[in-house]
1. Are there helices (runs of 4 or more DSSP H) fully within segment 1-114 with at least 2 residues that are touching a Gly at 6+ places or on another chain (Cβ under 7 Å)? List them.
2. I'd like to verify a number: residues in segment 232-253 that are closer than 22 Å to TYR192 by Cβ, touching a helix residue (DSSP H, G or I) at 6+ places or on another chain (Cβ under 7 Å) and either away from the ligand (no atom under 12 Å from the Cβ) or in contact (Cβ under 8 Å) with a residue 60 or more places away in the chain (or both), how many?
3. Among the residues of segment 205-220, is there at least one that is β-branched (Val, Ile, Thr), farther than 13 Å from HIS140 by Cβ and within 16 Å of the chain's Cα centre (by Cα)?
4. Can you tell me which of (1) part of a strand (DSSP E or B); (2) of a type in the set (Ser, Thr, Tyr); (3) under 15 Å from THR300 (Cα atoms) is the one SER160 doesn't meet?
5. I'd like the full set of residues that are charged (D, E, K, R), within 16 Å of the ligand (Cβ to nearest atom), in contact (Cβ under 8 Å) with a residue 60 or more places away in the chain and in a helix (DSSP H, G or I), limited to segment 254-309.
6. Would you please name the residue that is nearest to the ligand (Cβ to nearest atom), looking only at residues in segment 100-153 that are under 30 Å from ARG67 (Cα atoms) and among the acidic types (Asp, Glu)?
7. Given the structure, is ARG203 more than 10 Å from the ligand (Cβ to nearest atom) and surrounded by fewer than 19 Cβ atoms within 10 Å (Cβ to Cβ)?
8. Would you say GLY217 is in contact (Cβ under 8 Å) with a residue 12 or more places away in the chain, farther than 28 Å from ALA287 by Cβ and either in a loop (DSSP other than H, G, I, E, B) or within 10 Å of the ligand (Cβ to nearest atom) (or both)?
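The values are calculated or read from the model by the stated rules, or taken from the named source; none is laboratory data. All values derive from a computational prediction rather than experimental measurement. Glycine also receives a Cβ, built like all others from the backbone with ideal geometry; neighbour counts cover every protein chain displayed.
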Amino acid sequence: MKLPEIALGAWAWGNDGIFGPDIPEKALRPVFDAAMENGLNLWDTAFAYGMGTSEKILAGFLKGLPRDSFIISDKFTPQCAGRLPDAFTEMIELQLEILGLDSFDIYWIHNVWGAPRWIKELAEYYEGRDDVPLLGVSNHNLAELKQAEAILGEHGLKLSAVQNHYSLINRSSEKSGILDYCRENGLTFFSYMVLEQGALTCRYDAAHPMPERSERGRTYNRMLDKLEPLYAQLKKLANKYGVKAAQIPVAWAIAKGTLPIVGVTKTGQVEDAVRAANLTLSAEDMAELERIADGLGLNTVRVWEKTML
Ligand SMILES: NC(=O)c1ccc[n+]([C@@H]2O[C@H](COP(=O)([O-])OP(=O)(O)OC[C@H]3O[C@@H](n4cnc5c(N)ncnc54)[C@H](OP(=O)(O)O)[C@@H]3O)[C@@H](O)[C@H]2O)c1
């Protein structure tokens, strides 16, 4: 399967209060169409994104499209599964039903809650089948992902990908050696929240905060003033390369050897993602961005996460 350089994330489509006011389905249709027209056909979702809402919206857009024209990346979220012995099978089959698909292209264990039970169940579910997707783990540290890899191996399956929070202001997956491990062992590292849910786009600042009644507003609004030195550098580079500031963190994540998943809610953001995929930052500009970001000393580890160090 050929993966594009950027995946698109549909968490905000779940309308679960993380991003702010609900986004109506009809506003997302042009976003989906613009992405597909531009070759961005890898969609990342989860049942947890609005308890099936994100998957349902995506399903409506996928209807009637040739199966090989899109790539679906979905997740098993342990906290959403029931308590019965066949909870894994029930959940994965419910997700396929919501999406109207026979198979996934990429399937993840969303986090380590209850580990290693769910990776074992994933392995047992797919062992010996001919419709095995790329299998991945998310929010796993190095020891946890190696354990998952070993369990899959016992069932003749391969761990193909890791999906963790990774941005200019959250590089713990890099500093803990996960990025190197992925590169050395042929695993694709998917970086999520490279834009810190909009906080690294220069669209928001202390005078223009994120929606107050949103989880991201509660997280990032208190650090928008501290981000000013990074905003100044992002704007300087945007000017130098003739791009938008929001494209710089995405281009940085690609240059670091990762596959960023960018959350999109507007057609212009799809266009920015396309341009970011074609933007090459110089080594000096990459280093300076990291120096400034590291110097801010911000902690953006979210409630469902841990530091990977
Ligand atoms: N595995 C996990 O545990 C996990 C956790 C988090 C995310 N993810 C995945 O990663 C994806 C990305 O994360 P995310 O959506 O939370 O955050 P993100 O990609 O860092 O930020 C997305 C938000 O930034 C804004 N944005 C995007 N492009 C922009 C542009 N060009 N200019 C200005 N603003 C722009 C949009 O919000 P506004 O327009 O509203 O400002 C958008 O909703 C998710 O959708 C999900 O698929 C996975």
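1. 53-62, 87-99
2. Here the count works out to 2.
3. Among the residues of segment 205-220, not one is β-branched (Val, Ile, Thr), farther than 13 Å from HIS140 by Cβ and within 16 Å of the chain's Cα centre (by Cα), which makes the answer no.
4. If we test SER160 against (1) part of a strand (DSSP E or B); (2) of a type in the set (Ser, Thr, Tyr); (3) under 15 Å from THR300 (Cα atoms), just (3) comes out false.
5. GLU271
6. Looking at the filtered set, the residue picked out is ASP105.
7. no
8. Numbers: in contact (Cβ under 8 Å) with a residue 12 or more places away in the chain: yes; farther than 28 Å from ALA287 by Cβ: yes; either in a loop (DSSP other than H, G, I, E, B) or within 10 Å of the ligand (Cβ to nearest atom) (or both): no.
In short, no.
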